[in-house]
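Undergrad: Let me give you the structure first, and then I'll get to my questions.
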Amino acid sequence: MDKLTTENNLYLAGVIGHPISHSKSPKLHNYWLSKYEINGFYIPFSVTTQKLQSSIESLIDLGFKGVNVTIPHKTNVLSYADSVTDRAALIGAANTLYFSKSGKIHADNTDGYGFIQNIVDVIPDFEFYDKTALIYGAGGSSRAIASALISNGIKEVGITNRTRAKSQIISENLGAKVIVVDWRSAPEMITNADIIINATSMGMLGQPDFSQPISRAKKTALVVDIVYNPMVTDLLKEAERLKLKTVGGIGMLINQAVPAFEHWFQKTPLIDEEIRRFIIE
Ligand code: ATR
């Protein structure tokens, strides 16, 4: 079937997932589209696993530039891609699809990029090389962060998780720089960490508080929380009380969207205080 083309250079992109109503991506992309006066729309689509392939084909046929991919399709979607970036292959999941003019699907994962760029935005001279990190959590975010830290020259990444087997799998997949830290040993192992990262959902609005003590962290340590609602979590408050450097999660959410926005809409969006506040309103 011939691909339909939109008139007046209308740019179309969106996000597919199930459920989809929680996604902040439409708010973010449509804010930038409006700000830069781009003739385009970013639309959320509720897509079940059974309809994943046919929905992607339909969006390609309708002339979409691409889509973000969220729960539960981040892993499955790789099997429909014609090409997969190294970082998405290493993580084993994609959060962004680009559709070429000929209808080919290119899969990427920008979560790790978003994590690193968020730190660099807040602390421009931050150096990852030769540092040691400790990540709490072993879900998709943890895996993306661990792999991005390795790409940025980190010496060692410890992963600690309530369910140890999940840390073990990440360690096996990502190689010798990733070590498993027992959940009960984390309060002592934190003494070695230069970067301490919460990649669990603990501390998120409506979820249990972050339960691990950080009082033995190095005085020079950086504490990063990927939770962005609330913007300043109790973990970040505790880190500030201990006079540690802190980085919150909202910048990761915004930064992971930048490569896709650039690619789809041909514009590099600016990250400023206004977008940081708008996105969590
Ligand atoms: P994401 O894609 O954002 O990484 P996820 O894959 O659902 O989300 O992972 C959530 C992480 O938060 C997991 O590591 C989970 O621990 P389990 O693997 O043991 O489930 C962790 N997590 C969620 N709630 C937690 C809690 N109350 N205490 C400790 N860890 C928790």
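The values are calculated or read from the model by the stated rules, or taken from the named source; none is laboratory data. This is a predicted model, so every value here is computed, not measured. No Cβ is skipped: glycine too gets one built from the backbone with ideal geometry, and neighbour counts run over all protein chains shown.
Undergrad: Restricted to the range 156-171, and to residues that are of a type in the set (D, E, K, R) and within 14 Å of the ligand (Cβ to nearest atom), which residue is nearest to the chain's Cα centre (by Cα)? Lay out the reasoning, then the answer.
TA: From the range 156-171, those of a type in the set (D, E, K, R) are 156, 162, 164, 166; that's our starting set.
Restricting the remaining residues to those that are within 14 Å of the ligand (Cβ to nearest atom) gives 162, 164, 166.
Details: 162: 21, 164: 22, 166: 18 Å.
Result: 166.
Undergrad: Restricting attention to the range 169-191, report how many residues are closer than 13 Å to residue 150 by Cα, part of a loop (DSSP other than H, G, I, E, B) and touching a strand residue (DSSP E or B) at 6+ places or on another chain (Cβ under 8 Å).
TA: In the first step, residues of the range 169-191 are kept if they are closer than 13 Å to residue 150 by Cα; the result is 170-171, 173-179.
Next cut, part of a loop (DSSP other than H, G, I, E, B) only: 175-177.
Filter once more, keeping what is touching a strand residue (DSSP E or B) at 6+ places or on another chain (Cβ under 8 Å): 177.
Going through the range 169-191 one residue at a time, the tally reaches 1.
Undergrad: One residue is enough: does the range 153-167 have a residue meeting the conditions on the phi > 0 side of the Ramachandran plot and modelled with pLDDT of 95 or more? Walk me through how you get there before you give the answer.
TA: Narrowing the range 153-167 to residues on the phi > 0 side of the Ramachandran plot: 153.
From what's left, modelled with pLDDT of 95 or more: 153.
Yes.
Undergrad: Oh, and also: Based on this model, can you work out whether residue 140 counts as touching a Lys or Arg at 6+ places or on another chain (Cβ under 7 Å) and small (Gly, Ala, Ser)? Step through it out loud before you land on a result.
TA: Numbers: touching a Lys or Arg at 6+ places or on another chain (Cβ under 7 Å): yes; small (Gly, Ala, Ser): yes.
So residue 140 fits the description; yes.
Undergrad: Filter the range 133-171 for residues that are of a type outside the set (D, E, K, R), surrounded by fewer than 23 Cβ atoms within 10 Å (Cβ to Cβ), under 24 Å from residue 209 (Cβ atoms) and in contact with a Phe, Trp or Tyr (Cβ under 6 Å, 6 or more places away or on another chain) and give the result.
TA: Across the range 133-171, there are no qualifying residues.
Undergrad: Still on this structure: Residues of the range 172-213 being more than 10 Å from the ligand (Cβ to nearest atom), surrounded by 22 or more Cβ atoms within 10 Å (Cβ to Cβ) and among the β-branched types (Val, Ile, Thr), which ones?
TA: 178, 181, 190, 195, 196, 197
Undergrad: State which residue is modelled with the lowest pLDDT when the search covers only the range 214-229 and only residues that are buried (at least 18 other Cβ atoms within 10 Å of the Cβ) and part of a loop (DSSP other than H, G, I, E, B).
TA: Here is the first cut: in the range 214-229, the ones buried (at least 18 other Cβ atoms within 10 Å of the Cβ) are 214, 217, 221-228.
If we keep only those that are part of a loop (DSSP other than H, G, I, E, B) too, we end up with 214, 217, 221, 226-228.
Values: 214: 97, 217: 98, 221: 98, 226: 96, 227: 94, 228: 90.
Only one residue tops the list, namely 228.
Undergrad: Hey, does the range 230-245 have a residue that's surrounded by fewer than 20 Cβ atoms within 10 Å (Cβ to Cβ) and in a strand (DSSP E or B)?
TA: In the first step, residues of the range 230-245 are kept if they are surrounded by fewer than 20 Cβ atoms within 10 Å (Cβ to Cβ); the result is 230-232, 234, 237-238, 240-245.
Still in the list and also in a strand (DSSP E or B): 245.
Checked against the condition, which is being surrounded by fewer than 20 Cβ atoms within 10 Å (Cβ to Cβ) and in a strand (DSSP E or B), the range 230-245 yields at least one hit.
Undergrad: Which residue out of 41, 126, 99 is surrounded by 19 or more Cβ atoms within 10 Å (Cβ to Cβ) and more than 16 Å from the ligand (Cβ to nearest atom)? Give the steps one after another, and end with the answer.
TA: On the way: 41 fails: surrounded by 19 or more Cβ atoms within 10 Å (Cβ to Cβ); 126 fails: surrounded by 19 or more Cβ atoms within 10 Å (Cβ to Cβ).
Result: 99 is the single residue among 41, 126, 99 that is surrounded by 19 or more Cβ atoms within 10 Å (Cβ to Cβ) and more than 16 Å from the ligand (Cβ to nearest atom).
Undergrad: Quick one: residue 271 ticks every box in (1) more than 20 Å from residue 24 (Cα to Cα); (2) not in a helix (DSSP H, G or I) bar one, so which box is it?
TA: (1)
Undergrad: Here is a check on your reading of the model: is residue 62 exposed (fewer than 14 other Cβ atoms within 10 Å of the Cβ), in contact with a Leu (Cβ under 6 Å, 6 or more places away or on another chain) and modelled with pLDDT under 95? Give the steps one after another, and end with the answer.
TA: Values: exposed (fewer than 14 other Cβ atoms within 10 Å of the Cβ): yes; in contact with a Leu (Cβ under 6 Å, 6 or more places away or on another chain): yes; modelled with pLDDT under 95: no.
So residue 62 does not fit the description; no.
Yes/no per residue for (1) in the same structural domain as residue 22 (by TED's automatic domain parsing); (2) of a type in the set (D, E, K, R); (3) within 15 Å of the chain's Cα centre (by Cα); (4) more than 26 Å from residue 42 (Cβ to Cβ):
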{"site": "196", "(1), (2), (3), (4)": "no, no, no, yes"}
{"site": "202", "(1), (2), (3), (4)": "no, no, no, yes"}
{"site": "208", "(1), (2), (3), (4)": "no, no, no, yes"}
{"site": "216", "(1), (2), (3), (4)": "no, yes, no, yes"}
{"site": "221", "(1), (2), (3), (4)": "no, no, no, yes"}
{"site": "229", "(1), (2), (3), (4)": "no, no, yes, no"}
{"site": "239", "(1), (2), (3), (4)": "no, no, no, yes"}
{"site": "260", "(1), (2), (3), (4)": "yes, no, yes, no"}
{"site": "264", "(1), (2), (3), (4)": "yes, no, no, no"}
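Undergrad: Looking at the range 133-148, which of its residues are more than 8 Å from the ligand (Cβ to nearest atom) and over 17 Å from residue 86 (Cα atoms)?
TA: Within the range 133-148, 133, 134, 135 qualify.
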